[in-house]
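Have a look at the structure below, then the notes.
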Amino acid sequence: MENILFLAHTEADGTLSKTALEALGGALELSQSLSGTLIAGISGAQIQPAADSIANCGAQRFIAVAGEPFGQGRYATDAAACETLVRTSGATIVIAAATSRSSRVIAGVAHRVSGCVDTHVTGIAAASSSVTVTRWFYRQRIEGSLTRRRRPWMLLLDPGAHSPWTGTAGSVTPEIIEVPVPETLCRTTVRGIVTPPADQQTIRPDAKLLFVAGAGWTKKQKDGQAHVPEAETIILDFLKKSKASLGGSKSLVDISGENEAALRFMGHLNQVGQTGASPRHPKGLSTCCHGEEPHTVGWRFIGERRAINLDPNCGWARGKADVLYVADAFEVMAKVNALLDAK
């Protein structure tokens, strides 16, 4: 019988993130399929709010590593906490969310406990006593399924790959595991977090709409002139009003390194497709993008695809968009902004 450990770190306020609850949903579903034991393991500066929020998740055991040293995202203390929770739980399968903190330490923890690890997992299924996971390979162009005999098997579940657990909160007293924290584990400290103002934030993973800009925004328009400042104003105005997340095609992102006019707020973190991200927003709107295959690969998890392009024969028109508006993106988005103002 498999012992399944749900492994999570708390946020700054002691709660669990949405991605952590998605991992909990996956762990709970797997434990029910295997009739196994579910154990919840939490680490952080304060763990009681997180433990109470999932008290009714069905876990047979709650264990935790608590203390101020474990509140910061630091490899040494995060690895020590995860290793202790894995060893204490006796887990054969460990499921965690693919956050930056977990991704940084999971391979090292697997090595310490003589286990194995798979990252970017998008699905977990059980048949009889066999567990199979799915993940993407080759820049998310190939989906593969695999299983392993080695234990403990540590799995990082990609955000958006599973529905989050949505049960009611309760009250539970976790078993606190003491982890020695010598000075050698605390040589790295977080001095602070710098974030942009809310109206300057362009990457919003939880937004309902992904707005993607292509290189056409920076090219010469029908009057023979480029209008980059106007493009910046229109796009930022739309993002501010709609609270959409901003993406960019590779061609647009690369322009900044080619001494050409570029959108000042567009960086490689906004890139969608190829070596960029594959977002999971419910809806997507592509503007001035040609819908080339590498770009649309990044849209594989978008539920509804729409595009604006002057060319009726662009890539989006070839079965890649649910709706294609053959129009000038400058004019369309300016009108959309006016409608949002009126609303």
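The values are calculated or read from the model by the stated rules, or taken from the named source; none is laboratory data. Note that the structure is predicted; figures quoted are calculated from it, not measured. Counting neighbours? That spans all protein chains shown, and the Cβs are built from the backbone with ideal geometry, glycine included.
Remarks
- Selection from region 56-76 of residues that are surrounded by 18 or more Cβ atoms within 10 Å (Cβ to Cβ) and more than 25 Å from ARG191 (Cβ to Cβ): CYS57, ALA59, PHE62, ILE63, ALA64
- Any hit, region 242-264, residues being surrounded by fewer than 21 Cβ atoms within 10 Å (Cβ to Cβ), more than 30 Å from PHE137 (Cα to Cα), modelled with pLDDT of 90 or more and in contact with a helix residue (DSSP H, G or I) (Cβ under 8 Å, 6 or more places away or on another chain): yes
- Of everything in region 42-54 that is crowded, with 19+ Cβ neighbours inside 10 Å and in contact (Cβ under 8 Å) with a residue 40 or more places away in the chain, the residue that is nearest to GLN32 (Cα to Cα) is ILE54.
- Any chance VAL272 is surrounded by 20 or more Cβ atoms within 10 Å (Cβ to Cβ) and within 30 Å of TYR138 (Cα to Cα): yes
- Meets criteria (assigned to a strand (DSSP E or B) and of a type outside the set (Lys, Arg)) for ALA91: no
- Entry remark, region 57-78: residues being within 25 Å of GLY25 (Cα to Cα) and touching a Leu at 6+ places or on another chain (Cβ under 9 Å) number 8 in total.
- Region 176-189, residues that are closer than 13 Å to ALA76 by Cβ and of a type in the set (A, V, I, L, M, F, W, C): VAL179, VAL181, LEU185, CYS186
- Only one entry of THR77, THR84, THR10, THR15 meets the criterion of being in contact with a Gly (Cβ under 8 Å, 6 or more places away or on another chain), assigned by TED's automatic domain parsing to the domain that holds GLY170 and at pLDDT 95 or above, and that entry is THR10.
- Top-ranked residue in region 101-134 [being surrounded by fewer than 20 Cβ atoms within 10 Å (Cβ to Cβ) and assigned to a helix (DSSP H, G or I); ranked as farthest from the chain's Cα centre (by Cα)]: ARG112
- Check on GLY291, crowded, with 20+ Cβ neighbours inside 10 Å, touching a residue at least 12 places away in the same chain (Cβ under 8 Å) and on the phi < 0 side of the Ramachandran plot: no
- Residue match in region 87-96 (condition: closer than 20 Å to ALA12 by Cα and assigned by TED's automatic domain parsing to the domain that holds LEU157): yes
- Any hit, region 252-271, residues being of a type in the set (Gly, Ala, Ser), farther than 27 Å from THR19 by Cα, assigned by TED's automatic domain parsing to the domain that holds GLU232 and touching a residue at least 40 places away in the same chain (Cβ under 8 Å): yes
- ALA80 meets each of the listed conditions (1) under 20 Å from the mean Cα position of the chain (by Cα); (2) among the small types (Gly, Ala, Ser); (3) in a helix (DSSP H, G or I) apart from (1).
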